[in-house]
Each structure stands twice: as C-alpha cells, then as structure tokens.
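Quick note: the coordinates plus some simple rules give every number you see, no bench work behind them. In this text the structure is predicted, and so the values were computed from the model without any measurement. Here the Cβ positions follow ideal geometry from the backbone for every residue, glycine too, while neighbour counts run over all protein chains shown.
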Amino acid sequence: MLKIGDVNVPIPVALAPMAGVTDLPYRDICREFMCGLTCTELISAKAIKYNNRNTDILLKTNEREHPSMIQLFGSDPEIMAEIAKRVEELEFDIIDLNMGCPVPKVVNNGEGSALMKDPLLAGRIIEKMANAVEKPVTVKIRSGFSSACVNAPEVAYIAQESGAAAVTVHARTREQYYSGEADRSVIKAVKDTVKIPVIGNGDIKNGEDTLSMMRSTGCDGVMIGRAARGNPWVFADVYNVFYREGCVKGDGSTDTPTAVSVEPSPLTHPSLADKCNMLLRHLHALVEFKGEYVAVREMRKHFGWYMAGERNASSLRREVNAAVTAGQLEELISCCSSEYSH
C-alpha cells in the first residue's frame, strides 16, 4: 500500500495527468480496471482564479473517484496557495503541483517544467500551498530541465523540506520531451535522497514494467501516462502482477478496500470486440459529460489510441474523422469488429 500523507492508496499505480485525455469519464473507466490513484488533467491556477469557464469541467469529480488528485500549474506562490485552498473544498484527496509539463506555452510563462530551473521558487510555492491546506500536497517533476541540469534529487529534497507529501519523477528531462528512454537511475537517486514516497514515471507499458521499475529503483509506486491512452486494461495487468507478487491483499479482510479484495482480472489483452465495446461506452459517457459536438470530435483521437495496431484501422480512422454525430460514430464502431476482423 502507498500512503501519501493521510491518504491510503491500496494499489500503488496512478494514472498520469494528460491534457485532453484524463477527464472524468476516462478516469472512471481506468478506476474500474484497478487504477489505484487517478489524476485530473493539468489545470491552470490563474484560470481558476480569474473564473475561466473552460476550467469548470476540469474540476469535476464524483463520489466514486477516491483516492484522487487534482493537478495545478502556476508559478506565483501566493496565487498557488490561494487556489490550493479553494480547490481543497472539492472532493479530491490530494493536490498536486505540476513541475513537469514541457509544452512551450506553459514553460515560456515560467510554469511546468520551467520550475526545475528555479528550485528555490518551487520550494516557496510548495511551502505556501502546503501551509494553506490540510490535504496532502504532492509534486510531479522531471529529471531536470536539460541534460546539463539533471537536478531531480535536489528538487525532490527541497520539495520534501517545503512540505510535499510525495514526489512523482518522470525520468526524462524537459529537453527530451517524450523521446529516448526514461533514466531509472534518476528515480533511484531521488528515492535515496528523500524520505517521502517516490512514484516512478516513464516507459511503463505493463505489469512487468511496473514490477521491474519498483525493484530497480526502490520507488513506492508508479504512474502510467501514454501507455494508458486507449488502454485502461493496462491497469488490470499491473494489478494482476501485484496480486501475483503479494503486493496487494486479496483476502477480503475488513481492513482491505473492496478494490483490492478481488481476484485478478481475466481481461488484460482485449480483443477487437472488447475495444469496440469500450469505445462505445466511452463515447456515450463523453456525450453525457460534454455534449455530442465535443464528444464526437474528442473520440476521434481516442479511437486512434484504442485501435492502434489493429489491421485496417487507419482506413477506418479516416471515416471516423469525418463523423459529425454520435450516431455516425456508433455505426462505424459497431461495424468495426465484423468488417475489419476478417
């Protein structure tokens, strides 16, 4: 079990925050496949402060989503503390500070992974946030900003001393974005430096990868990002490995949450029909949550992720990208299994 502050995470695997991916409908799906900790998309603290209506939907959660994190990004200590206090009223269990986002529009404002270049400012932000709220404040960092400045252990130590309850390390620099291989030695160095829980992130594609990372680095849990796009089954695979290795309880004892009292999942390698069924379910959930116009357009990218590797998927994707109604998309998905599996 992973413990972050006073929050218990019975299954030590988290869904990474991903813009345009980890909205509430998809977090709900991942939770059902034994994801232990879910996280929102990254949310601008300034957008919340100035009541940007586009952030309202990003703040949505429900009674099923526990434990869960809300992730904020920003660079002003006072604003970050103010917004941390405001979102503490929501049902999320943990408040996370983003120090890993590599995209220019965030970095050029001194936010996201730009904070890796200013550990003292990062420390002030964390301290202000931690002092403003009762809920645990955590931090997601990268190895460093560039290969010339791999400073994750230093930043993690400052985060710990500033009041952070845990740190997630994406073992790539901002310079790398998502290229190359994650350097697990950085995660190990962070684990050797701090006493708070360390969550490893980068190149986790299945349960065996999870176990390998935890054993090689000593990290307390893992976070899965890109491998979870269109693939909630990855969490079932991780759970099965944890179950096999005795990393989670399966005896149904009263001190064990229901989520970890179940037998291993039989479904970790979905068939084409399984993927189509999940696509339909995901579509319906998105239509209910965001309306038909937005849902249909967002499902285009989800279709590509779900169907990656399936024969003839690229030709069908062109038709999916042309769909403008939920009905059209439903028809394409429904016929997919029979038409493209022969």
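Could you work out how far helix 119-132 tilts from the main Cα principal axis of the chain, as a 0 to 90 degree angle to the nearest 10? Result, in degrees: 80.
Bridgeable lysines around LYS301 (alpha carbons under 25 Å apart, same-chain partners fewer than 8 residues away excluded): LYS60, LYS105, LYS205, LYS275, LYS290.
Can you give the extra length, in nm with one decimal, that the chain gains between VAL324 and ALA227 once fully stretched, where that is 0.36 nm per residue apart less the Cα-Cα distance?
Values: separation 97, 0.36 × 97 = 34.92 nm, distance 2.76 nm.
Residue separation times 0.36 nm, minus the Cα-Cα distance, leaves 32.2 nm.
Restricting the stretch 131-177 to chymotrypsin sites (Phe, Trp or Tyr not before Pro) that sit in a DSSP loop and have at most 12 other Cβ atoms within 10 Å of their own Cβ leaves TYR177.
Angle check, please: helix 292-306 long axis (alpha carbons) against the longest principal axis of the chain (alpha carbons), in degrees 0 to 90, nearest 10. With both axes taken from Cα atoms, the answer is about 90 degrees. Multiplying the residue separation of GLU288 and LYS49 by 0.36 nm and subtracting their alpha-carbon distance yields 83.3 nm.
Take the Cα of SER315, step 7 Å toward its Cβ, do the same at SER212, and the gap between the two points is 3.6 nm.
Between the stretch 156-218 and the stretch 276-342, how many Å separate their Cα centres? Cα centroid of the stretch 156-218 versus Cα centroid of the stretch 276-342: 34 Å apart. In loop segments of the stretch 47-131 as defined by DSSP, the GluC sites (Glu not before Pro) with at most 11 further C-beta atoms inside 10 Å of their C-beta are GLU63, GLU89. For the stretch 104-162, the relative contact order comes to 38 percent (Cα pairs under 8 Å, sequence separation of at least 6). Relative to the longest principal Cα axis of the chain, at what angle does helix 77-87 sit, 0 to 90 degrees, rounded to 10? Rounded to the nearest ten degrees, it is 50.
Taking the stretch 273-301 and a reference point 7 angstrom along Cα→Cβ of SER334, the backbone N atoms nearer than 19 Å belong to 273-288, 292-293, 296-297, 299-300.
Is the stretch 127-255 rounded, prolate or oblate when judged by the Cα gyration tensor, a ≥ b ≥ c being the square roots of its eigenvalues, rounded requiring a/c under 1.5 and prolate requiring a/b larger than b/c?
Numbers: a/c = 1.90, a/b = 1.24, b/c = 1.54.
Oblate shape, in that a/c is at least 1.5 and b/c is the bigger or equal ratio.
Here each label is just a point 7 Å from Cα along the line to Cβ, and for GLU154 and GLU181 those points are 2.7 nm apart. Under the simplified labelling scheme, the LYS85-ASN108 pair shows an inter-label distance of 3.3 nm, with each label point 7 Å from Cα along Cα→Cβ.
Identify the GluC sites (Glu not before Pro) of the stretch 173-226 meeting these criteria: DSSP loop state and at most 13 other C-beta atoms within 10 Å of the C-beta. Walk me through the numbers before you get to the answer.
On the way: sites: GLU175, GLU181, GLU208; in loops: GLU181.
Answer by residue number: GLU181.
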